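Data first, discussion second: the structure below is written as structure tokens.
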Amino acid sequence: MRVGGDPAAGKLFRQVYGRETTLMTPQLDEPFIIANWVKMCLDAFEKQGLDAYDLMQSAQLCASELQSPLAPVRTDKINALFDAVIAATQCESIGIDAGKNISLTTFHALGYAVIASQSLWEGFSRVIRYNYGISNVTRLYLQTNGDEVELGVVREGDAPVHDAILDAAACMMVRICRFLTPQGTDLLRVSMGRDKPADYENYERYFRSPVSWGDSRYRLIFSRNYFHCRLPNADVLLANENERLCEIYFGRLFNRKLTQRVRSLLRQTMATEETSLQKVAQTLHLSERSLQRHLSQEGTNFRELVDEVRQEIAERYLKSSSMSISQIAYSLGFNDAGNFSRAFKRWFSCSPETYRQSLQESPLL
């Protein structure tokens, strides 16, 4: 493995690697991560003095596979890429450098929707919603545990995923938090879903928080107030417009057109019209059974979509309106405020009243 590399080869690589063209999409049921994510990792490795062309050769990765930014790249090739980097550098923590180089703009419209989100919770909820369009070998999740929020990533499916890929994902999420909250990141502790490496100090320096090892997943623990603070670049219109673009693109790419249509319809009508399965099926000129069957084929169901949209709208109402809890409950189709409060506690592990009070006490609001 050369360090530094042939300048002519590097120039040729950058010419091909940076060109935007249209690719035929590989089979999306194979384990994958999007091309732009891989490109940002390669760029990070070049900054470390490695030759990206050589690395791609070692991983049997063709430049044409990276031409379309959101095209899927097979995970076995990315695993081989990280193996090659570690062999060249003798550095197990190379995933930190990769994660530090991945920004929100790596994900195009999704990234801009996150930047314009009202809070970190809302922003990462969007990332989780479209995670299937970024990779099918990792799954992000969010949950509230009392006064803490857990943002985590787990391996999805049976395909092998390099530890450094998960390292990069965890570091990327922290980098996003630091970018969106320039006043400081309230990261309480970190739990890594891998064995402790020899160069573990590099992780402690990057996270600036206590790090534990050998967990079943990667966990980033933040204070709940920090994760629900209003972000300085919040812009509802910009966020919604970019999310609309995400729905269109990912819906087409992953053949989830009906999911996209139902979710969009629920957002438009939930506050003013009936949101029953029967009503939505009639609007879409489908039988109820056909609607449920098609949604199942796309990996979801009507009840999940209603719950997802209710959660999204409830949070927005509590943050940006003076509506009472009862008014919000009614607008979302709940029979009474008690049912709404129980659903809200399931979503956020606190009552809507407590949630709104915490927002009012936030120094960023």
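The values are calculated or read from the model by the stated rules, or taken from the named source; none is laboratory data. Remember, it's a predicted structure, so these values are computed and weren't measured experimentally. Virtual Cβ from ideal backbone geometry, glycine too; neighbours counted across all protein chains shown.
For every residue, the table says whether it meets (1) within 17 Å of VAL127 (Cα to Cα); (2) surrounded by fewer than 14 Cβ atoms within 10 Å (Cβ to Cβ); (3) basic (Lys, Arg).
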residue: THR185; (1), (2), (3): no, no, no
residue: MET192; (1), (2), (3): no, no, no
residue: ASP199; (1), (2), (3): no, yes, no
residue: ASN202; (1), (2), (3): no, no, no
residue: PHE207; (1), (2), (3): no, no, no
residue: GLY251; (1), (2), (3): yes, no, no
residue: SER276; (1), (2), (3): no, yes, no
Determine whether region 268-285 contains at least one residue that is out of contact with any Phe, Trp or Tyr (no Cβ under 8 Å at 6 or more places or on another chain), closer than 20 Å to TYR132 by Cβ and among the charged types (D, E, K, R). no
Between residues in region 319-331 that are in contact (Cβ under 8 Å) with a residue 60 or more places away in the chain and residues that are not in a helix (DSSP H, G or I), which pairs lie under 6 Å by C-beta distance while being six or more apart or on different chains? LYS319/GLN118; SER331/ALA271
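Looking at the structure I just gave you, is ARG208 at positive phi and of a type outside the set (Gly, Ala, Ser)?
yes
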Restricting to region 200-225, name every residue that is more than 17 Å from HIS162 (Cα to Cα), more than 19 Å from the chain's Cα centre (by Cα) and touching a residue at least 40 places away in the same chain (Cβ under 8 Å). ASN202, TYR206, SER223, ASN225
Could we say that ALA169 is of a type in the set (A, V, I, L, M) and assigned to a loop (DSSP other than H, G, I, E, B) here? no
Residues of region 172-196 satisfying the condition of being of a type outside the set (Lys, Arg) and either closer than 23 Å to GLU156 by Cβ or assigned to a helix (DSSP H, G or I) (or both): MET172, MET173, VAL174, ILE176, CYS177, PHE179, LEU180, VAL190, SER191, MET192, GLY193, ASP195
Of the residues in region 66-81, those that are surrounded by fewer than 19 Cβ atoms within 10 Å (Cβ to Cβ) and modelled with pLDDT under 90 come to GLN67, SER68, PRO69
Residue within region 168-182 that is over 28 Å from ASP83 (Cα atoms) and buried (at least 22 other Cβ atoms within 10 Å of the Cβ) present: no
Return yes or no: is ALA159 aliphatic (A, V, I, L, M) and surrounded by fewer than 18 Cβ atoms within 10 Å (Cβ to Cβ)? yes
Can you tell me how many residues within region 146-166 are outside any loop (DSSP other than H, G, I, E, B) and touching a strand residue (DSSP E or B) at 6+ places or on another chain (Cβ under 8 Å)? 10
Inside region 105-129, can you point out the residues that are surrounded by fewer than 22 Cβ atoms within 10 Å (Cβ to Cβ), among the hydroxyl-bearing types (Ser, Thr, Tyr) and touching a residue at least 24 places away in the same chain (Cβ under 8 Å)? THR106, TYR112, SER125
Picking from SER223, SER216, which residue would you name as being closer than 30 Å to GLN118 by Cβ, surrounded by fewer than 22 Cβ atoms within 10 Å (Cβ to Cβ) and of a type in the set (Ser, Thr, Tyr)? SER223
